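Take a look at the following structure, please.
The values are calculated or read from the model by the stated rules, or taken from the named source; none is laboratory data. Quick caveat: nothing in here was measured; it's all calculated off a predicted structure. With ideal geometry, Cβ positions are generated from the backbone for all residues, glycine too; neighbour counts draw on all protein chains shown. To get the accessible areas, we keep the full protein, side chains included, count just its heavy atoms, and leave off ligands, DNA and RNA. Shrake-Rupley method; radii C 1.70, N 1.55, O 1.52, S 1.80 Å.
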Amino acid sequence: MTYEFHVTQLIYLVASALFVFSLKWLSHPKTARRGVLAGVLAMTAAVGGTLMHHEIVTFKWIALAMVIGTIIGVPLSWVPLTAVPQRTALSHSFGGLAAGLVGTAKYILWLNEGPEALTSYRMTAIVIECILGYLTFTGSLMACGKLQEWIPTRPITYKNQNLINLSLLTIAVAVGVIIVFKPYLWWLFPIVILLSLTFGVLLIIPIGGADMPTVISLLNAYAGLSAVAMGFVLENKLLITAGALDGSSGFILSVIMCRAMNRSFANVLFGAFGQVKASAAVTEQRTVKSATAQDAAQLLEQAQLVVVVPGYGMAVAQAQHRVRELYDQLNKRGIDVKFAIHPVAGRMPGHMNVLLAEAEIPYDKLTEMDDINPEMPRADVVLVIGANDVVNPAARHDKGSPIYGMPIIDADKAKTCLAIKRTMNPGFAGIENELYYADNTLMVFGDAKAVVGDLVKELSAQGGIH
Ligand code: NAP
């Protein structure tokens, strides 16, 4: 054991601890920044420690890979917050591809060394790494394509789809098992790769856009597990630890999101959810009542409790700073303002929390769905800003609705609902929202930033503040 080996192991130990602390800190907004910093330090230490490894023959290829990674990675970090889900999916796809390629390279290297190098232990790790890695690669690419709308977001279904998909995976695993015991049958290896790549595509195409967040965190779990297998292949303990952390946190997030939507994993993966479908309850012609910013400001001014429900539209409009100004205006009048946060509002977990934190809205004013719902009947005004699916009452009672069973924020139970959006177009799930047609709902049409800005102007004019 060389001196460098021991230093590397020590650095890996520190990096592992930092990864664990990073996850712990990331789980609360107050410590999240520290969590990010710990994660960055951990990854820097991991890469630095690996570069000290005694087995590195030349740095030429490593340097080239770093340059290519930087050229791709830096512009990726510039994407707007609304595009982070697809950016995350793309990162997972790169992670999956890297794991698959490392597994393939190791198989070829060991094959050339002779049959004794390809032990069943190594082959099992390689096969798991490659199946998970390659299916994560194409699956995540498809998820990214769906979210970016490069491919149709609706579920693409055909007859016996689930049977075909499961058969494909079973064949990939069966061929993988054969190759574990007969590793010299090298021509079976590309078959495993091809089947895994195809399975990744077929797994994702029947899944609707509304389920993509859950699918992305599930793919995150797969990428983590393939990294664990890669750790066994490369005999790298840090990769095993980091991959296990990645895999389990992805899995836990998927479970949380499934619970938030009242769905099971099987239903997300095989249920072809999110098909564009008009809800039976609102197919007949109904009219909506609209209000001006002036009317809305008056209603807000008279309220004692205002609950703001932000959604994807607030993110698109980048209205969070105007929302902060509105909060200040209402606050100055002694009106209690609370923000109701739905776990899947926006396009990524924590989307609303990040935006509201950016606008420096006090964190204790953000209330989770389960805590705010009992308070809804007490709210004088619920101000829905660019939220749609997460306040759709059809989720509670319309068994024919694709979002049936998804817990929602009970905006319809407030005394008055003010809904800000530009048109009557549906939200992410592609379905109409009966909340907008309710007797106690007033629509304030327009871009969220402009409308909330107008509300602030009205209030400051009326109250003489500013
Ligand atoms: P949503 O159902 O997608 O609705 C957003 C609404 O915002 C739209 O109806 C749109 O109506 C309006 N809007 C868009 N741009 C606007 C602007 N500039 N100003 C004002 N309004 C604007 O959003 P949501 O209620 O937040 O629900 C989230 C949905 O996304 C759920 O179905 C969830 O499952 C899904 N999803 C969530 C995540 C996650 O992790 N959070 C990830 C992916 C998908 P107009 O076009 O008429 O303005």
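Which residue is nearest to A414 (Cα to Cα), if the candidates are limited to the stretch 346-365 and must be within 10 Å of the ligand (Cβ to nearest atom) and hydrophobic (A, V, I, L, M, F, W, C)? Spell out the reasoning first.
Going residue by residue through the stretch 346-365, those that are within 10 Å of the ligand (Cβ to nearest atom) are 346-352.
Filter again for hydrophobic (A, V, I, L, M, F, W, C), leaving 348, 352.
Values: M348: 26, M352: 21 Å.
Among those residues, the one meeting the criterion is M352.
So how many residues does the stretch 316-345 have that are open to solvent by less than 10 Å² (accessible area, probe 1.4 Å) and near the ligand (Cβ under 8 Å from one of its atoms)?
Count: 3.
Which of (1) part of a loop (DSSP other than H, G, I, E, B); (2) within 23 Å of T214 (Cα to Cα) is the odd one out, the single condition I128 does not satisfy?
That leaves (1) as the condition not met.
Next up: Which residues, taken from the stretch 6-33, are in a helix (DSSP H, G or I), of a type outside the set (K, R) and under 20 Å from G250 (Cβ atoms)?
Residues of the stretch 6-33 that are in a helix (DSSP H, G or I), as a first pass: 6-26, 29-33.
Pick out the ones that are also of a type outside the set (K, R) and you get 6-23, 25-26, 29, 31-32.
A15, S16, L18, F19, V20, F21, S22, L23, W25, L26, A32 - these are the residues of the stretch 6-33 that are in a helix (DSSP H, G or I), of a type outside the set (K, R) and under 20 Å from G250 (Cβ atoms).
Further, regarding this structure: Restricting the stretch 419-456 to residues that are of a type in the set (D, E, K, R) and surrounded by fewer than 16 Cβ atoms within 10 Å (Cβ to Cβ), which is farthest from the ligand (Cβ to nearest atom)? Steps first, answer last, please.
Here is the first cut: in the stretch 419-456, the ones of a type in the set (D, E, K, R) are 421-422, 432, 434, 439, 447, 449, 454.
Of the ones still in play, those that are also surrounded by fewer than 16 Cβ atoms within 10 Å (Cβ to Cβ) are 422, 439.
On the way: R422: 3, D439: 21 Å.
So, considering only residues that are of a type in the set (D, E, K, R) and surrounded by fewer than 16 Cβ atoms within 10 Å (Cβ to Cβ), the one farthest from the ligand (Cβ to nearest atom) is D439.
I'm checking my understanding of the structure. Among residues of the stretch 256-270 that are within 15 Å of the ligand (Cβ to nearest atom) and either more than 16 Å from G350 (Cβ to Cβ) or in contact with an Asp or Glu (Cβ under 7 Å, 6 or more places away or on another chain) (or both), which one is modelled with the highest pLDDT?
Restricting to residues being within 15 Å of the ligand (Cβ to nearest atom) and either more than 16 Å from G350 (Cβ to Cβ) or in contact with an Asp or Glu (Cβ under 7 Å, 6 or more places away or on another chain) (or both), the top hit is C258.
Is it true that some residue in the stretch 133-153 is more than 27 Å from M348 (Cβ to Cβ), in contact (Cβ under 8 Å) with a residue 24 or more places away in the chain and open to solvent by less than 20 Å² (accessible area, probe 1.4 Å)? So that I can check it myself, show each step before the final result.
Step one: filter the stretch 133-153 for residues more than 27 Å from M348 (Cβ to Cβ), giving none.
No, because not a single residue in the stretch 133-153 is more than 27 Å from M348 (Cβ to Cβ), in contact (Cβ under 8 Å) with a residue 24 or more places away in the chain and open to solvent by less than 20 Å² (accessible area, probe 1.4 Å).
Using beta carbons and a limit of 7 Å, which pairs, at least six apart or on different chains, have the first residue in the stretch 358-371 and at pLDDT 90 or above and the second one surrounded by 13 or more Cβ atoms within 10 Å (Cβ to Cβ) and assigned to a loop (DSSP other than H, G, I, E, B)?
Sorted first by the residue in the stretch 358-371, then by its partner, the pairs are M369/H342; M369/P343; M369/P407; M369/I409.
With (1) open to solvent by 30 Å² or more (accessible area, probe 1.4 Å); (2) more than 9 Å from the ligand (Cβ to nearest atom); (3) touching a residue at least 24 places away in the same chain (Cβ under 8 Å) as the list, and D398 as the residue in question, which single condition is left unmet?
(1)
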